[in-house]
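Enquirer: This structure is in structure tokens; I'll ask about it shortly.
The values are calculated or read from the model by the stated rules, or taken from the named source; none is laboratory data. Being a predicted model, the structure only gives us computed values, none of them experimental. Positions of Cβ are generated from backbone atoms using ideal geometry, with glycine treated the same way; all protein chains shown enter the neighbour counts. Note: areas computed on protein heavy atoms with side chains; ligands, DNA, RNA excluded. Shrake-Rupley method; radii C 1.70, N 1.55, O 1.52, S 1.80 Å.
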Amino acid sequence: MTGGSDAGRSLIDRFVPPGLLNGTADAALRARLAVALAWIAGAFFVVAGVTQARADNDGAALLDAFCAVVTLVSPLVLRRTGRVAALTHVVLALVFCAVLTLAVLVRGAGLSGATVMLAVVPLFATLVVSLRSGAVWLVLSLVAGLALGVLGHQGLIVDRLAPQARLFNDHFVLAAFTAVLFVVAAVFEVRKNDALQRISELEAQRRLAELSEAHAQAASQLARAEQLASLGRIAGAAAHEINNPLAYIIGNLNFAASEPLDGDVRAALVEALEGAQQIQSLVSGMSAVASPQPAPLGSVVVSEALAVALSLAEPRTASRACLVTKVAAVPRVAANEARLTQVLLSLLTTAAQALPEGEATKHEISVTVSGSDGTVVVEIADTGKGGAMRGFGEGGSLAVILNEAVVRSFGGSLTLDSSPGRTVARLTLVASGLSAGRTS
């Protein structure tokens, strides 16, 4: 059975243009259907013409012969042109006109072989071209059939066959069309199985492509993880190497700053000490991020961590801005208290650095803590020029990148909104469900 099907397909494919066979599956299927249905219709018209000739119905025999030639030649035309839809419409139009001529001039009105043929035209158009084309031919066939009925009712066309010839003709045509419809159904079933097999193959290819893509993504993620792990080890080693000499520098600067010195020299030492302490804070952040073990999370009271950060940042903020705090009663958050304090201190220090020294009365750093929908939001805003803090995708500073990484490890987020005259750092944390806090 499979061998016969393959042989039939091979024969049909000889009349299908290579461009259609190598194109989409739908185009190839419709081209094969066009060839197969043309042969089926041609065989029917040949048998019908021979039968009409034996019954001395020469007019019907000539029209059947014309339809047989049109349908049998159409696969050859298809091979040369490759236009399935256009050729199908031309063939159907010629057959349609021949059927109407047969009904009007030879056979007459009534339910006959000619009028039954009108019912097959929409079927062929639907299978070979599209459902829309089949609908168009359905309308034309219905209009033609109703028109024949009206003309017969008014006596403008009459049945020209003798009763015995009419019965033989109509029953023969009915039997032949029954066979044609069965063959059409068989062809469609075979092509449907081919289409389902093709769909199955395409689905298997799609799954294989998805699997390959998933493997590629997994390999990319693994390579990325290994790269980040390597960078983490490098960062940890660099932080360790920097931290040791930095401790000596900070100790010596503290010692020098405690001595009675000239005002300018003392100011320079204090500024150098602040810079060294900032480097120490960055190194500490690098060590924390590079640590292979994530910091343990707990239930942290934001107001307590903020109070420690404000106390540590006070030497840097006092001479640059007025500090305004508004801390509402909010739930505890899921975080590591030491690292959260470090992030808050870093954000306060960065805000202070955006403001000029000695103009505290002209500038303000505001800290707002609020909570809603299971989250706690900490906003630190300053009235600086906006250049000190930039977004992560815009070349943000190392401190910003480290802070964002720490907050993300808590399950939260850190966003920066910087514009001339105002910069806001917004820290969003996940509430742990235990309420605590204070208002000031």
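Enquirer: Which is surrounded by fewer than 23 Cβ atoms within 10 Å (Cβ to Cβ), at pLDDT below 85 and either assigned to a loop (DSSP other than H, G, I, E, B) or out of contact with any helix residue (DSSP H, G or I) (no Cβ under 9 Å at 6 or more places or on another chain) (or both), of 49, 23, 42, 59? Before you say what the answer is, go through the steps one by one.
Expert: Details: 49 fails: either assigned to a loop (DSSP other than H, G, I, E, B) or out of contact with any helix residue (DSSP H, G or I) (no Cβ under 9 Å at 6 or more places or on another chain) (or both); 42 fails: either assigned to a loop (DSSP other than H, G, I, E, B) or out of contact with any helix residue (DSSP H, G or I) (no Cβ under 9 Å at 6 or more places or on another chain) (or both); 59 fails: either assigned to a loop (DSSP other than H, G, I, E, B) or out of contact with any helix residue (DSSP H, G or I) (no Cβ under 9 Å at 6 or more places or on another chain) (or both).
Answer to the selection: 23.
Enquirer: Do we have any residue at all in the range 54-63 that's over 27 Å from residue 155 (Cβ atoms) and over 40 Å from the mean Cα position of the chain (by Cα)? Spell out the reasoning first.
Expert: Within the range 54-63, the subset over 27 Å from residue 155 (Cβ atoms) is 54.
Next, only the ones that are over 40 Å from the mean Cα position of the chain (by Cα) stay: 54.
Scanning the range 54-63 turns up at least one residue that is over 27 Å from residue 155 (Cβ atoms) and over 40 Å from the mean Cα position of the chain (by Cα).
Enquirer: Another one. With part of a helix (DSSP H, G or I), farther than 23 Å from residue 36 by Cα and open to solvent by less than 30 Å² (accessible area, probe 1.4 Å) as the only criterion, which of 145, 152 stands out?
Expert: Testing whether each residue is part of a helix (DSSP H, G or I), farther than 23 Å from residue 36 by Cα and open to solvent by less than 30 Å² (accessible area, probe 1.4 Å) leaves just 152.
Enquirer: Please go through the range 361-374 and pick out each residue that is surrounded by 17 or more Cβ atoms within 10 Å (Cβ to Cβ) and over 14 Å from residue 424 (Cβ atoms).
Expert: Once the filter is applied, which keeps residues that are surrounded by 17 or more Cβ atoms within 10 Å (Cβ to Cβ) and over 14 Å from residue 424 (Cβ atoms), the range 361-374 yields 363, 371.
Enquirer: Just give me the residues in the range 304-360 being farther than 16 Å from residue 425 by Cα and in a loop (DSSP other than H, G, I, E, B), in sequence order.
Expert: Answer for the range 304-360, where residues must be farther than 16 Å from residue 425 by Cα and in a loop (DSSP other than H, G, I, E, B): 318, 319, 320, 321, 328, 336, 356, 357, 358, 359.
Enquirer: Another one. Condition test on residue 77, is it of a type outside the set (S, T, N, Q), under 43 Å from the mean Cα position of the chain (by Cα) and open to solvent by less than 20 Å² (accessible area, probe 1.4 Å)?
Expert: no
Enquirer: Quick check, is residue 116 modelled with pLDDT under 85, of a type in the set (A, V, I, L, M, F, W, C), open to solvent by 20 Å² or more (accessible area, probe 1.4 Å) and not in a loop (DSSP other than H, G, I, E, B)?
Expert: Taking the combined requirement at face value, the residue satisfies it.
Enquirer: Can you confirm whether the range 30-37 contains a residue that is modelled with pLDDT under 85, among the basic types (Lys, Arg) and open to solvent by 20 Å² or more (accessible area, probe 1.4 Å)? Explain how you work it out, then say what you get.
Expert: Within the range 30-37, the subset modelled with pLDDT under 85 is 30-37.
Filter once more, so that each one left must be among the basic types (Lys, Arg): 30, 32.
Adding the requirement that they be open to solvent by 20 Å² or more (accessible area, probe 1.4 Å) leaves 30, 32.
Scanning the range 30-37 turns up at least one residue that is modelled with pLDDT under 85, among the basic types (Lys, Arg) and open to solvent by 20 Å² or more (accessible area, probe 1.4 Å).
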